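Colleague: Please see the structure below; I have some questions.
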Amino acid sequence: MEGEMSKIRLDVKRSKFQAMGEARCPQCREGKMFKYPFWRVDKFSEMHENCPVCGLKFEVEPGFWYGAMFVSYANTVALLVVLGVSVFYIFNDPPIMYYIVPITILSLAIVPFNFRISRAIFLHLFGFVKYKPNHS
Ligand SMILES: [Zn+2]
């Protein structure tokens, strides 16, 4: 048991999934993509142009973020389906307003989060950036 303790490293390396979920740079998995936390509704979309840690240009090619809109769209559709099915079963096939009201509120509420996670997912999966743990 004592031997195990000494193996724990201080510089924890994030997995690709973790870095994606935290919207961090795909190259170093440390630098944050966004300048402010997602609950800053006035500034949630402001990004660093380059990774503050390793300098990677996040918009790897011009117009790259247009692709992220499709991820965002897919997320929204997935949410609507899950929510729609849940409402159907929980309220036992209720009138249409039972669907419209919560779906409208929720899909608006997730806009900042969805915007960011979509860009992070798109950059990590389609940016084709190699992970370089020792960037410095
Ligand atoms: Zn980086």
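A short reminder: the numbers here are calculations on the coordinates, not readings from a lab. Note that this is a predicted model, so its numbers are computed, not measured. Note that each Cβ is placed from the backbone with ideal geometry, even for glycine, and that neighbours are counted across all protein chains shown.
Colleague: Around Ala120, with a cut-off of 15 angstrom between Cβ atoms, what is the net charge of the other residues, counting Lys and Arg +1 and Asp and Glu -1?
Modeller: Here the count lands on +4.
Colleague: Kindly express, to the nearest 10 degrees and within the range 0 to 90, the angle between helix 97-109's C-alpha long axis and the longest C-alpha principal axis of the chain.
Modeller: The helix 97-109 is inclined about 20 degrees to the chain.
Colleague: Which is farthest toward the positive dipole end of the chain among Ile105, Leu83, Phe128, measuring Cα position about the Cα centre, with Cβ charges +1 (Lys, Arg) and -1 (Asp, Glu)?
Modeller: Phe128
Colleague: Between beta-carbons, use under 14 Å as the cut-off and find the net charge around Lys16, counting Lys and Arg +1, Asp and Glu -1.
Modeller: +4
Colleague: Can you figure out the FRET efficiency of Ile100 with Arg14, using R₀ = 30 Å and their beta-carbon distance, to the nearest 0.05?
Modeller: Numbers: r = 39 Å, r/R0 = 1.31.
Once the sixth-power term is evaluated, E becomes 0.15.
Colleague: Can you put Leu56, Leu108, Leu125 in order, fewest other beta carbons within 10 Å first?
Modeller: Working: Leu56 21, Leu108 9, Leu125 13.
Listing Leu56, Leu108, Leu125 from fewest to most nearby Cβ atoms yields Leu108, Leu125, Leu56.
Colleague: Ok, one more. Which residues make up the longest stretch of the chain that has no trypsin sites (Lys or Arg not before Pro) in a DSSP loop with at most 14 other Cβ atoms within 10 Å?
Modeller: Excluding the exposed sites themselves, the longest stretch runs over 44-129.
Colleague: So, one more: D for the chain, whole µm²/s, Stokes-Einstein with Kirkwood Rh over alpha-carbon pairs at 10 °C and 1.306 mPa s: what number?
Modeller: Details: Rh = 17.1 Å.
Translational diffusion coefficient: 93 µm²/s.
Colleague: For Lys57, enumerate residues with amide H under 5 Å from its amide H, sequence gap 5+ or separate chain, H modeled in the peptide plane.
Modeller: Placed amide hydrogens put Cys51 under 5 Å from Lys57.
Colleague: What's the FRET efficiency of Tyr66 with Asn92 using the Cβ-Cβ distance as r and R₀ = 30 Å, to the nearest 0.05? Please report the intermediate quantities before stating the final value.
Modeller: Details: r = 41 Å, r/R0 = 1.38.
Efficiency, rounded to the nearest 0.05: 0.15.
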